[in-house]
1. Starting from segment 96-119, keep only residues that are touching a residue at least 60 places away in the same chain (Cβ under 8 Å), then list their pairs with residues that are of a type in the set (F, W, Y) and open to solvent by less than 30 Å² (accessible area, probe 1.4 Å) whose Cβ atoms are within a distance under 8 Å, requiring at least 6 positions of separation or different chains.
2. Can you pull out every residue in segment 139-169 that is open to solvent by 20 Å² or more (accessible area, probe 1.4 Å) and of a type in the set (A, V, I, L, M)?
3. Under 25 Å from A175 (Cα atoms) and within 17 Å of the chain's Cα centre (by Cα): which single residue out of H141, H108, H57 fits that description?
4. Considering each residue of segment 112-127, count those that are outside any helix (DSSP H, G or I) and open to solvent by 70 Å² or more (accessible area, probe 1.4 Å), and give that number.
5. Residues in segment 1-46 that are over 21 Å from V58 (Cβ atoms) and in contact (Cβ under 8 Å) with a residue 60 or more places away in the chain: how many?
6. Can you go through D13, D95, D59 and tell me which one is open to solvent by 50 Å² or more (accessible area, probe 1.4 Å), touching a helix residue (DSSP H, G or I) at 6+ places or on another chain (Cβ under 6 Å) and of a type in the set (D, E)?
7. With respect to the numbered conditions (1) open to solvent by 40 Å² or more (accessible area, probe 1.4 Å); (2) in contact with a Leu (Cβ under 9 Å, 6 or more places away or on another chain), which one is the sole condition not fulfilled by S81?
8. In segment 63-77, which residues are within 22 Å of M156 (Cα to Cα) and either at pLDDT below 95 or surrounded by 24 or more Cβ atoms within 10 Å (Cβ to Cβ) (or both)?
Amino acid sequence: MVTIKLSGELLSDDWAELYRWFGYESGFYCPADIRAAIDQLKPGEELVLEINSVGGHVDAAAEIYSVIQKLPNPTRAEIQSLAASAASYFPLACDRVEISLAAQMMIHCGSWGVGGNKFDHLWAAKQLDTTDQTILDVYCHKCGEKTSREDLERMMAEETYLSARQCLEMGLVDAIIGDVSESGTPALVASIHNNTIRAMRTLPDIEDLRKRKQAQLDKLDRELAEEKARYTM
């Protein structure tokens, strides 16, 4: 069995590479991490994903979903604390999805910061609707007949937190880790503006890191040029 811990924020590979360039090693993960874990697998060996994540990049989640879905090895996801946003749907590609009694899953609509004129915003709205419908397809595929598409769509619009028992009843997970004898508490409906997840972010701004990296590279170029000039005088 190969176990990979997916904690913090889900990033694209290029973002994760930049954070690691600055020495950050925790608080995030990316599709390349899952591919690296898969490379360690022996034929027939199980891959286990331990999920403690606020979510992150939708495209990165879709990539992980696709990679896991086509993997011939047995796969299992364990939601240990929170599987939110993008981290709520890529684990559903696993053969089996389990959740801790103390854990929650959060589902909501995609979000995207867009500038520009009204046509830019209309275009962005269409793209977000396509994204939401794609995520809905994943949820519906997992839930089957246990939960309707309309109910799932409503929960996404309301940004809904689900208890372990609710996830099981809806068909989003296959089992609760440990014995459960009582039903869970009602779903917590949080802000539809995603304030909860934004408040959980702990990583520095990616644009700031890009500027810092470029400044360091520019400084290195100047120092090399000065060193070269000294030797050629």
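The values are calculated or read from the model by the stated rules, or taken from the named source; none is laboratory data. All of these numbers come straight from a predicted model, not from anything done at the bench. Here Cβ is always computed from backbone atoms with ideal geometry, including for glycine, and neighbour counts include all displayed protein chains. Side chains included, ligands, DNA and RNA excluded: accessible areas come from the protein's heavy atoms. Shrake-Rupley method; radii C 1.70, N 1.55, O 1.52, S 1.80 Å.
1. Q104/Y161; M105/Y161; M106/Y161
2. Of everything in segment 139-169, those that are open to solvent by 20 Å² or more (accessible area, probe 1.4 Å) and of a type in the set (A, V, I, L, M) turn out to be M155, A157, L168.
3. The match here is H108.
4. Filtering segment 112-127 for residues outside any helix (DSSP H, G or I) gives 112-117.
Checking which are open to solvent by 70 Å² or more (accessible area, probe 1.4 Å) leaves us with 112-113, 117.
Within segment 112-127, residues that are outside any helix (DSSP H, G or I) and open to solvent by 70 Å² or more (accessible area, probe 1.4 Å) number 3.
5. The number of residues fulfilling the criteria is 3.
6. Going through D13, D95, D59 in turn, just one is open to solvent by 50 Å² or more (accessible area, probe 1.4 Å), touching a helix residue (DSSP H, G or I) at 6+ places or on another chain (Cβ under 6 Å) and of a type in the set (D, E): D13.
7. Exception for S81: condition (2).
8. I64, A77
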